[in-house]
Every structure is written in C-alpha cells, then in structure tokens.
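Presented below is the structure to which this report refers.
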Amino acid sequence: VGNVSGVAHLAETNPSLIDSTISALKTAAEMYLTSVANGMKEKGIKASWTYREGLPAQEIIQCAAEVSCDLIAMATHGRGEVAWMLGSVAEKIVSHATVPVLLMRVLEAQPLMDKSEFFSGPGGWGTE
C-alpha cells in the first residue's frame with residue numbers, strides 16, 4: 001500500500017581508538033575523583049574513592065556492600081523520564097540499597113535577576 005525506505009549509516013570501528021578513548025576517560029575520572037577526595041580531606045572529612053565500570057546503580061550498591069558503607073550519599077539531577085523526581089540511577093539505588101540513601105538535589109544555577117526593572121519606569125517603586 002505504501003513505499004518503505006530506509007537510510008543507514010555504517011562506520012568502521014577502530015579498536016585502538018576506542019581503547020585510547022576509554023583510557024583517557026578513565027584517567028580524567030580518576031583525576032576528578034582524586035581532586036574531590038583531596039578537597040574533602042582538607043575539610044577534615046575522611047574520603048577515599050574507587051573507579052568502577054558497569055551499570056551505575058548496580059556498581060554503587062555492590063561497592064557499598066563490599067566496603068560496609070553506613071550510608072550512600074549522592075547528588076541527583078532528576079533528568080530521567082520515568083523517575084523525574086529522583087533520576088533513574090538514584091531511584092534504582094533508593095529502591096535496592098540495603099543501607100540508608102541521602103539524596104541531594106542539584107539545581108541548575110539561574111542568572112541573577114536585574115532588580116532595577118522593579119524600581120524604575122512608569123509605576124515602578126522608584127518613581128514618585
């Protein structure tokens with residue numbers, strides 16, 4: 001009854017390029033984690049880090065069990081479609097963790113409002 005057409009894009013993969021990209025991402029992650037842990041230590045907070053690969057919620061829960069964590073504390077952006085309030089990773093951790101979970105909602109910074117618009121112009125507070 002109708003025409004069916006399709007478009008495909010195929011690319012040759014280069015295993016050495018993939019490996020070097022993964023290695024660079026791991027190095028960047030380790031540098032970030034070291035920096036954050038050092039900042040916490042400077043504030044007198046005992047901090048350590050680990051780098052793991054896999055499904056985030058699964059790895060966090062497994063790591064917490066392996067090191068006998070008393071609490072999982074994490075930030076959440078809440079960008080997931082299903083669990084829009086918590087975020088899909090946070091929702092999975094809250095649902096399956098065997099220790100308490102503390103979530104801190106990350107809010108995007110909004111630009112400062114120019115308050116002068118409220119105090120000037122016709123009918124503004126700054127007019128007599």
#### Entry: Where a residue in region 19-40 is under 16 Å from Glu53 (Cβ atoms) and its partner, wherever it lies, is among the hydroxyl-bearing types (Ser, Thr, Tyr), with Cβ under 9 Å and at least six apart
Lys26/Tyr51; Ala29/Tyr51; Glu30/Tyr51; Leu33/Thr50; Leu33/Tyr51
### Task
Working only within region 32-45, note down all residues that are open to solvent by 60 Å² or more (accessible area, probe 1.4 Å) and either in contact with a helix residue (DSSP H, G or I) (Cβ under 8 Å, 6 or more places away or on another chain) or among the hydroxyl-bearing types (Ser, Thr, Tyr) (or both).
Tyr32, Ser35
#### Entry: region 87-106, residues that are assigned to a loop (DSSP other than H, G, I, E, B) and under 15 Å from Cys63 (Cα atoms)
Ala97, Thr98, Val99, Pro100
### Task
Give the residues of region 59-82 that are open to solvent by 40 Å² or more (accessible area, probe 1.4 Å) and modelled with pLDDT under 90, sorted by residue number.
Ala75, His77, Arg79, Glu81, Val82
### Task
State yes or no: is Pro56 open to solvent by less than 90 Å² (accessible area, probe 1.4 Å), of a type outside the set (Lys, Arg) and at pLDDT below 90?
no
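The values are calculated or read from the model by the stated rules, or taken from the named source; none is laboratory data. All of these numbers come straight from a predicted model, not from anything done at the bench. In this analysis, Cβ positions are derived from the backbone assuming ideal geometry, glycine residues included, and neighbour counts consider all displayed protein chains. Accessible surface areas use protein heavy atoms only, side chains included; no ligands, DNA or RNA. Shrake-Rupley method; radii C 1.70, N 1.55, O 1.52, S 1.80 Å.
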